[in-house]
Amino acid sequence: MNFPPHHLYIRPQYMPMPIPWHMVEPDAESLIVELGFGRGEYLLTLSKTFPDALIIGFEVSMTSLLKAAYRLQSADKRNVKMLLFDGVLGLSEFFTPNSVDAVYMNFPIPWPKKKHAKRRVVRDDFWRILARVLKIGGYFELMTDVDWYAEEAQKNAEEVGVFSVELKRNPSRRVQTKYEQKWLAEGRDIFLVRVVKDEDYKSDYERLFIKGADYMPHAFIKKPWKELLNDMKSLEGLEIRQSTDKGYGIREVFYRDREILLRSFTIDRGFFQSFYIWIRPEDKEGDDAFLMKLDPLSSPFRTKSLMSLMRHIKDIVGEEFVVRHNLG
Ligand SMILES: C[S@@+](CC[C@H](N)C(=O)[O-])C[C@H]1O[C@@H](n2cnc3c(N)ncnc32)[C@H](O)[C@@H]1O
């Protein structure tokens, strides 16, 4: 057995945005998503039940993802791709509107306390994201053992105005996950919330990941090394905050042998990324020539704040900074 089975993973940081799923699996007839697949029992069932679909699974636990990868590898299932990424943000950013046939979620942790409400997968913005990415006729199935969670989901889904919503107690199911078996063995009720998108949903959602990894903002700098180094050193500790959930900065500046690394960060609507910007000599253009680009090892998502940071560096360098790729 080959392990790790790389063909089962997708690293979204290295993909165009939104992800062109039709290129990932050109023959797939439909697109199905599972959020928080855990050990992957249901992911495997989906891949068997819908052999002509491309099944995308999101999970935030590496341990679970590896267990699920073993399971799928053993069953030789190839119509599944897994991402180690927040399922809600992934659903929102990696899919175009009206492109998803079905979304499944089994037994999410309900996070009942108010102070933990932000950790809930099914939170306020979730229903609008679902309304946007599902096709008309597409559906979402939520299984839970928590009655109030099911009732709240039903109510919130109805409020969006484009879904028909059903809540069923102890429905019969094609397959049971580990949690489901455990709850049923304990004699507890389980609930299915089934949501179908009946009409188009108008949305003015502004994407966070404005470009994909195929967009590499970079610039050519013609400046003596010492001057360039001083420019970059002056940026150490930079922190620009347009608001509490938006900004960028440079934590540290490292250099050696006419190479510079800027340990940088960006925040976009609360989404934080830490990464490096790399400046290296461009010898074929002469002694005082440098290339500045994102360090490929820490490939960040291309966001507005990332573009603002690049433009900030450009302003510090001055007219010797020649943009090779539009900074957005
Ligand atoms: C209670 S387990 C249920 C696992 C599986 N669905 C089942 O029924 O056996 C919840 C799973 O959701 C995952 N999870 C939590 N938040 C998530 C998020 N934002 N995106 C994707 N997965 C998430 C957790 O790591 C965990 O594996």
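Any read-out appearing in this document is the output of simple, stated calculations on the displayed coordinates, not a laboratory observation. Remember, it's a predicted structure, so these values are computed and weren't measured experimentally. All Cβ positions, even for glycine, are placed from backbone atoms using ideal geometry, and neighbour counts span all protein chains on display.
A few points about this structure:
- Other-chain or far-sequence residues with amide H under 5 Å of Asn98's (modelled H): Val133, Leu134
- Table column - 3J(HN,Hα) (Hz), the stretch 196-211, Karplus curve with 6.51, -1.76, 1.60, x for Gly and Pro: 10, 7, 9, 9, 5, 10, 7, 9, 10, 4, 9, 5, 7, 8, 6, 9
- Couplings for the stretch 222-238, taken from phi via the Karplus curve 6.51 cos²θ - 1.76 cosθ + 1.60 with θ = phi - 60°, read 10, 7, x, 3, 5, 5, 5, 4, 4, 4, 6, 4, 5, 8, 4, x, 4 Hz in order; Gly and Pro are left as x.
- For the stretch 1-122, the alpha-carbon coordinates run over 43, 33, 28 Å along the three principal axes, in decreasing order.
- Convex hull of the chain built on C-alpha atoms - directionally averaged projected area, nm²: 19.7 nm²
- Straight-line cross-link partners of Lys114 among the aspartates and glutamates, defined as a Cα under 15 Å from its Cα and at least 8 positions apart when in the same chain: Asp124, Glu152.
- Based on DSSP H segments of at least four residues, each scored -39500 (n - 2.57), the chain has a per-residue ellipticity at 222 nm of -8000 deg cm²/dmol.
- Label-reachable residues, the stretch 62-102, where backbone N falls under 14 Å from a point 7 Å from Ile136's Cα toward its Cβ: 98-99
- Listed by chain and number, the aspartates and glutamates whose C-alpha is less than 16 Å from the C-alpha of Lys223, apart from same-chain residues fewer than 8 away, are Asp231, Asp257, Glu259, Glu282, Asp283, Glu285, Asp287, Asp288, Asp315, Glu319, Glu320.
- Modelled label positions at Tyr205 and Glu227, each set 7 Å beyond Cα in the direction of Cβ, lie 4.7 nm from each other.
- Legend: calculated FRET efficiency, Lys178 to Asp125, from the Cβ-Cβ distance at R0 = 41 Å, rounded to 0.05, equals 0.90.
- Cα-projected label distance for Asp147 with Met216, points at 7 Å along beta-carbon direction, nm: 5.8 nm
- Once the Cα-Cα distance is subtracted from the 0.36 nm per residue extended length, the Leu297 to Arg78 segment shows a gain of 76.1 nm.
- At full extension, Arg169 and Arg280 could sit 33.8 nm farther apart than now, given 0.36 nm per residue minus the alpha carbon distance.
- Cross-link reach list, aspartates and glutamates versus Lys67, counting only Cα pairs under 15 Å and skipping chain neighbours closer than eight places: Glu41, Glu59, Asp76
- Length gained when the stretch Glu186-Tyr9 is fully extended (0.36 nm per residue, less Cα-Cα span): 60.2 nm
- Subset of Lys77/Lys178; Lys168/Lys197; Lys118/Lys155; Lys115/Lys197; Lys118/Lys211; Lys48/Lys81 violating a 22 Å alpha-carbon distance limit: Lys115/Lys197; Lys118/Lys211
- 5 angstrom amide H check on Leu238, placed H, neighbours 5+ away: Ile250
- Unit charges on C-beta of K, R, D, E only; dipole of the stretch 254-300, Debye: 300 debye
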